[in-house]
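The values are calculated or read from the model by the stated rules, or taken from the named source; none is laboratory data. Computed from a prediction, not measured in an experiment: that's the story for all the values here. Every residue, glycine as well, gets a Cβ built from its backbone with ideal geometry; the counts of neighbours run over all protein chains shown. Heavy atoms of the whole protein, side chains included, go into the accessibility calculation; ligands, DNA and RNA do not. Shrake-Rupley method; radii C 1.70, N 1.55, O 1.52, S 1.80 Å.
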Amino acid sequence: MKIKKGEIAEAEALLKPLISRKRFQFSEFSNFCTAQIELFMAKKDKDSARKWLQMWENLDPENPDLLPWKLKLDGDNLLNKLKSMVSGW
């Protein structure tokens, strides 16, 4: 909610203590990764957002919430790959 309100520093302060947490349930980790990705997107840092997405995907590759983030972060690259695959037929 803080990120959506543009309160980036406040959002970052809320998330910071969770970074040192040693264990998460899968749903907690998904929510935490989503928040981290949203935070870095709000900070215009797509590289860091991609790193969080990659870490999330490595730990929970079947999570259906990954695809919208992949499209948002790398949609152009994915479309170009699809175009090259189709044109090669």
Hey, any hits in segment 71-88 for a residue that's under 22 Å from Lys2 (Cα atoms), modelled with pLDDT under 95 and surrounded by fewer than 13 Cβ atoms within 10 Å (Cβ to Cβ)?
no
Looking at segment 45-54, is at least one residue within 22 Å of Lys4 (Cα to Cα), out of contact with any helix residue (DSSP H, G or I) (no Cβ under 7 Å at 6 or more places or on another chain) and either at pLDDT below 95 or open to solvent by less than 60 Å² (accessible area, probe 1.4 Å) (or both)?
yes
Matching residues, segment 1-32, being of a type in the set (Gly, Ala, Ser), surrounded by fewer than 13 Cβ atoms within 10 Å (Cβ to Cβ) and within 23 Å of Asp60 (Cβ to Cβ):
Ser20, Ser27
